[in-house]
1. Quickly work out the residue 494-to-residue 311 label distance, labels modelled 7 Å from Cα along the C-beta direction, and quote it in nm with one decimal.
2. Binning every alpha carbon pair distance of segment 423-481 at 10 Å from zero, what are the percents per bin?
3. Let me have the 222 nm mean residue ellipticity of the chain computed from DSSP H runs of 4+ only, each contributing -39500 (n - 2.57), with the sum over all residues rounded to the nearest 500.
4. If you build the Cα gyration tensor of segment 286-385 and take the root of 5 times each eigenvalue, what three semi-axes come out, in whole angstrom, biggest first?
5. Sorted by average packing, counted as other Cβ atoms within 10 angstrom per residue and highest first, what order do 75-81, 37-43, 382-388 take?
6. For segment 397-417 and segment 341-365, compute the distance between their C-alpha centroids and round to whole Å.
7. Quickly rank 317-330, 260-273 as a protection proxy: mean count of other C-beta atoms within 10 Å, highest first.
8. From the C-alpha gyration tensor of segment 168-268, pull out the three semi-axes of the equivalent ellipsoid (sqrt of 5λ each), sorted largest to smallest, in whole Å.
């Protein structure tokens, strides 16, 4: 994919007016209003007009999903699986178009966008296999002539609510397993990134998903998200986003005893303990810190290192950060795009200011780029602080941007205590050649996912989730999804 191909495609395919997808039809929102969406790296390029939906649209979508559930849940698992396999093939077929849309609305580089679509393909194929893995148990009885067993069945309509940082893989991560287990879905994308979602829904329909099984309602959190979460026919809520919003959703859901699957914030540490290859560690850490411009929940944002290696590791990090080229998605050699919008850039810049005021030393980066082509997007250079202490706000709060902090400690135990000293517990990495240290870290770290000697890259078939303020409910992906999308029934059969 060249610069020319993406820009040409955008010139030919932008500016359209889009609608909601309810009960197998593209329909206008009940408000009759739309909101414009602009290219994040070319603020003068209109990508399209998107529905400003209301509770009335949510009700229509949930009712359609509820009706479709009656037949979809009875469709044999191999048939549901086949449709998902077809959807995965269609994602691969249209990977370039999806990448163009994703890079334009979100800002990540084309290579990252293609990688995201590729990950969605893998997760879909795993989910398709899950349709065959809805297993129960047969257990011995305490009475003669009784057969004891457990079976699983789909819970019903799922409200799927996605964030703006991964507009393709996060929806797929929610919708594909829902369909595999026999549930139906009403999906609300982030208002910042609804464009690629339109394409996803078109591909679900092309793959043979029956009407009403997947519904799309586009609009604000207050007018669409709230009534969706509160709707009495919604039986499960899968949400990825901020901890604050997740807590609010969980409070509403708890009043109805509705199941939630929440993927929330992170403040993920990389702990370096006497590791000999600091250049390798720096490469892994920098990649994990600045992919998606640091706008991801699994980004490494804290480096905790023993004092005798702090200076050498910091030098290696600075050297690696210098290799990052900031620019628009389509430009050759670029490996970090703009932030999603001006408001978010200002929020990250406020943390740069806070870090300096708290006494941390800004070693490199942190500047806003606004000259020439940078004037059309929200760009900044990746920032590295050292002389950071665990009590500083930049060491405790989720910045959700390209900012990395180095914290020096005296020993292994202090490193583990600092790693655990935040409210979050999503992903954590340790770099060590000492097997005992690695096992102690894996045992003591308060984190949903642990990575030994590499960054925080997860796999398409492994459970994904966090603890503390980073998550709640069943982990997504992997075998744990059945605990969210299905209910258990215990059967006693006397003969």
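Since every read-out is calculated from the coordinates, none of them should be taken as a lab result. From a predicted model like this one, the values you see are computed outputs, not experimental measurements. Here the Cβ is made from the backbone with ideal geometry for all residues, glycine too, and neighbour counts use every protein chain on show.
1. Computed distance between label sites residue 311 and residue 494 equals 8.1 nm.
2. All Cα pairs considered, the percentages come to 24, 49, 25, 2.
3. Numbers: 16 runs with 194 residues, N = 495.
Theoretical 222 nm ellipticity from helices: -12000 deg cm²/dmol.
4. One finds semi-axes of 24, 16, 12 Å for segment 286-385.
5. Working: 75-81: 14.9, 37-43: 20.0, 382-388: 23.6.
Put in order of decreasing packing, that is 382-388, 37-43, 75-81.
6. After rounding, the separation between the Cα centres reads 16 Å.
7. Most protected by this proxy first, the peptides run 260-273, 317-330.
8. Values: eigenvalues 97, 52, 35 Å².
The three semi-axes for segment 168-268 are 22, 16, 13 Å.
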